[in-house]
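What follows is a short report on a single structure.
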């Protein structure tokens, strides 16, 4: 997918910040999305809009299934969309009824929706929804519910601290069902394991400050967290709470917008309000659930002063990212890993990037593709 014209190609890294900001303004007649998210295997992503919602094929982001206001039965748009892989199962939260989750199973039309297959109602607004096969996870401001998708019975629930971002996630592996959200205290994670005959719980002290972002691997064995400081990202074993890896985004404060594992859990993508995308090599042997040494991992990008670890401040011995990409500051971007050393980036302005990173040498990523998926003339019904 080459850039459609010269005007849609982002400025070079040497362009001034003000010029970049101007060039990256939305070019679509559509209003900015309420919410963007990738599905579980990064094959699709969704945009919740004031005019309904769209589901895009990630490999061809200008091809979408467009569900309009009329189709969703609301004049106030859609606040949230949750997909189940590439199936026709999904949930939405409408802007005019934020305390309800509407569920569909069996949608085939591109422009119209049948009546929902079911709905869930709550006493407070829904902050997030996550799906796995047979399960719906609903996150409210201070509580998480886990439902059986077939009959909407409650499989479990747990309290959290105040969670305005709706931070939660659920694993996808058949043999391991893990639900993670905030704990009851600042910086705490609550990990619920529904595998086996009995539910178990694990509480992890992830950070001293508030947790700002979290993400599970697709199998649920690892969880990545970032705090409100936005300088460090930590990776934990969800089964026993062990800290397995700590990587550094930077030294100054930033808001972390997205954490995303590669499908093999070898890589971690991070976006921040600083306009940066970082890719870290984790080098975690999930078979033994231990961190491999630097030679085995082949991915150590620590400070050259790491030999003095324990003598100099921790800043100098932190692991840094393998690859980086620059974006406009202050705009939310979300990432997912594609095939063959690529990473996909979607922004709240409709921008879509496909970038390639060098696993061995690292450094700046190479931009392979760019476009704006909200631009009407690129929307194919």
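Please treat every number below as a calculation from the coordinates, not as lab data. Owing to the predicted nature of the structure, the values given are computational and were not obtained by experimental measurement. Note that each Cβ is placed from the backbone with ideal geometry, even for glycine, and that neighbours are counted across all protein chains shown.
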Exercise. Assuming R0 = 45 Å, what is the FRET efficiency of residue 63 and residue 209, from their Cβ-Cβ distance, to the nearest 0.05?
Worked result: 0.60
Exercise. What FRET efficiency, computed as 1/(1 + (r/R0)^6) with R0 = 41 Å and r the Cβ-Cβ distance, is obtained for residue 148 and residue 228, rounded to the nearest 0.05?
Worked result: 0.75
Exercise. Can you tell me the Rg and the Dmax, both Å, for the Cα atoms in region 168-289?
Worked result: 13.7, 46
Problem set entry | Segments 87-94, 358-365, 46-53 sorted - mean Cβ within 10 Å per residue, highest first | 46-53, 87-94, 358-365
For this session: In Å³ and rounded to a whole number, note down the convex hull volume per residue for the Cα atoms of region 326-377.
Result: 82 Å³
For this session: Can you check what the Kirkwood hydrodynamic radius comes to for region 158-216, Cα pairs only, in Å to one decimal?
Result: 11.8 Å
Problem set entry | Label-to-label distance, nm, for residues given as residue 356 and residue 88 (7 Å Cα→Cβ offset) | 3.7 nm
Seminar exercise, completed: FRET efficiency (residue 159, residue 121; Cβ distance; R0 25 Å; to 0.05) is 0.80
Exercise. What is the spin-label model distance, in nm, from residue 326 to residue 173 if the labels are put 7 Å beyond Cα along the C-beta direction?
Worked result: 4.0 nm
For this session: Quick one: Debye curve from the alpha-carbon atoms of region 118-210 only, equal weights, vacuum; give me log10 I(q)/I(0) at q = 0.16, 0.23, 0.25 Å⁻¹ to two decimals.
Result: -0.62, -1.22, -1.39
Problem set entry | Ranked by how many other beta carbons lie within 10 Å on average, peptides 99-107, 158-166, 269-277 from highest | 269-277, 99-107, 158-166
Problem set entry | P(r) histogram, all alpha-carbon pairs of region 138-177 included - 5 Å bins from 0, percent | 6, 21, 25, 25, 17, 6, 0
